[in-house]
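The values are calculated or read from the model by the stated rules, or taken from the named source; none is laboratory data. The structure presented is a predicted model; accordingly, all values stated were derived computationally and were not measured. Reconstructed Cβ throughout: ideal geometry from the backbone, glycine too, with neighbour counts over all protein chains shown. For the accessible areas, the whole protein counts, side chains as well, though only heavy atoms, and no ligand, DNA or RNA atoms are used. Shrake-Rupley method; radii C 1.70, N 1.55, O 1.52, S 1.80 Å.
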Amino acid sequence: MPKLKDQNKVNAIHRAAIELVTKTGFSGLKMAEVAKKSGVATGTLYVYYKSKEALINDVYLVTKEEIAGAIINPEYLKETFYETFKAMWYGYFGYCLQYPEKMLFVEQFIYSGYISEINIAKADSNFEPLDQFLIQGQKNGDIKEMDVEIIKAHLHGSVHEIVKMNVRGDIRLEEDGMHTCFNMAWDGIKT
C-alpha cells in the first residue's frame, strides 16, 4: 500500500512553488529550489511529484478548487440574485486580496499550455454552479443575455487588475473603494 502524503508537506511545497514560479516563470522553476524553499528533501519532493509539470498541474487544480470555494459558498445564498451575486463577488475579491500570489499563479498558467486539458476541464467543472447561477439570472432578467464566459471574464479581469494595483501600491483600497468596485462590476452586467 502506498504511503499517504503528508498534507503539511504538500501545502509547503505548493506555497514554495507558487512563490518561485511567480518570480521565475515555469521555465526558471527548479525542483531543487522548491524542495529547499518548502523544507522537504529533494527526494521526498520527487516522491510526491514526478516532474515540475505534475507539481504545477496539482497546484493549479488545488488553487482553482479554493477559488471555487471562495465564490460558491452556501453562506452566500440570499433572498435575491443581486444579494447572492454581491456576496459571491466579495468572496472572490476577498480571496484575491488575501492570496494575490495564487491569483497571479492561476492567471499565469491558465493559457500557458503547461496545464493539461484534462485538468483545465476538471478545474472548470468546479464552477458549474456559478455558470448555472448566472444563466438563471439571465432567465430571470437580472443580468444581460450574453455568453456566461464573457460575463465571468469581465468580472474576473476587473477584480484581478484592481488587486494588482493594490499589491503594487498604486492604490490603497478602503471599504468604500471596494463598494465602488463592486457597483462598477454590477453595472456592467445588470439589465
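Answer yes or no as to whether E149 is open to solvent by 40 Å² or more (accessible area, probe 1.4 Å) and at pLDDT 95 or above. Break it down stepwise before answering.
Details: open to solvent by 40 Å² or more (accessible area, probe 1.4 Å): yes; at pLDDT 95 or above: yes.
Yes.
Name the one entry in F85, F109 that is touching a residue at least 12 places away in the same chain (Cβ under 8 Å) and farther than 17 Å from I18 by Cβ.
Values: F109 fails: farther than 17 Å from I18 by Cβ.
After ruling out the rest, the residue left standing is F85.
Search segment 163-182 for residues that are under 18 Å from M88 (Cα atoms) and pair each with any residue that is assigned to a helix (DSSP H, G or I) when their beta-carbon atoms are under 6 Å apart and the residues are at least 6 apart or on different chains.
V163/C96; V163/L97; V163/P100; C181/I162; F182/W89
Which residues, counting only those in segment 89-103, are in a helix (DSSP H, G or I) and open to solvent by 60 Å² or more (accessible area, probe 1.4 Å)? So that I can check it myself, show each step before the final result.
Step one: filter segment 89-103 for residues in a helix (DSSP H, G or I), giving 89-98, 100-103.
Selection gives Q98, E101.
Any residue in segment 70-91 that is under 11 Å from the mean Cα position of the chain (by Cα) and of a type in the set (G, A, S)? Before you say what the answer is, go through the steps one by one.
Taking segment 70-91 as the starting set, the residues that turn out to be under 11 Å from the mean Cα position of the chain (by Cα) are 70-71.
Okay, now just the ones that are also of a type in the set (G, A, S), so 70.
Yes; the residues of segment 70-91 include at least one that is under 11 Å from the mean Cα position of the chain (by Cα) and of a type in the set (G, A, S).
With the requirement that a residue be out of contact with any helix residue (DSSP H, G or I) (no Cβ under 8 Å at 6 or more places or on another chain) and either over 26 Å from Y111 (Cα atoms) or β-branched (V, I, T) (or both), what does segment 4-35 give you?
L4, D6, Q7, N8, T24
Could we say that E161 is exposed (fewer than 13 other Cβ atoms within 10 Å of the Cβ), of a type in the set (D, E, K, R) and under 14 Å from the mean Cα position of the chain (by Cα) here? Walk me through how you get there before you give the answer.
On the way: exposed (fewer than 13 other Cβ atoms within 10 Å of the Cβ): yes; of a type in the set (D, E, K, R): yes; under 14 Å from the mean Cα position of the chain (by Cα): yes.
Here the answer is yes, as E161 does meet what is asked.
Could you tell me which of the residues I118, I110 is open to solvent by 80 Å² or more (accessible area, probe 1.4 Å), under 22 Å from H14 (Cα atoms) and β-branched (V, I, T)?
Working: I110 fails: open to solvent by 80 Å² or more (accessible area, probe 1.4 Å).
It is I118.
So if I check each of K50, K86, K78, which one is assigned to a loop (DSSP other than H, G, I, E, B) and under 25 Å from D176 (Cα atoms)? If you could, list the steps in order and put the result at the bottom.
On the way: K50 fails: under 25 Å from D176 (Cα atoms); K86 fails: assigned to a loop (DSSP other than H, G, I, E, B).
Step by step, each of K50, K86, K78 is checked, and only K78 is assigned to a loop (DSSP other than H, G, I, E, B) and under 25 Å from D176 (Cα atoms).
For the subset of segment 1-23 comprising residues that are modelled with pLDDT of 90 or more and of a type in the set (S, T, N, Q), which member is surrounded by the most Cβ atoms within 10 Å (Cβ to Cβ)?
N11
Just to be sure, is D124 charged (D, E, K, R) and open to solvent by less than 40 Å² (accessible area, probe 1.4 Å)? Working first, answer last.
Working: charged (D, E, K, R): yes; open to solvent by less than 40 Å² (accessible area, probe 1.4 Å): no.
So D124 does not fit the description; no.
Could you list, in sequence order, all residues of segment 68-80 that are touching a helix residue (DSSP H, G or I) at 6+ places or on another chain (Cβ under 6 Å) and crowded, with 18+ Cβ neighbours inside 10 Å?
Within segment 68-80, A70, I71, I72, Y76 meet the criteria.
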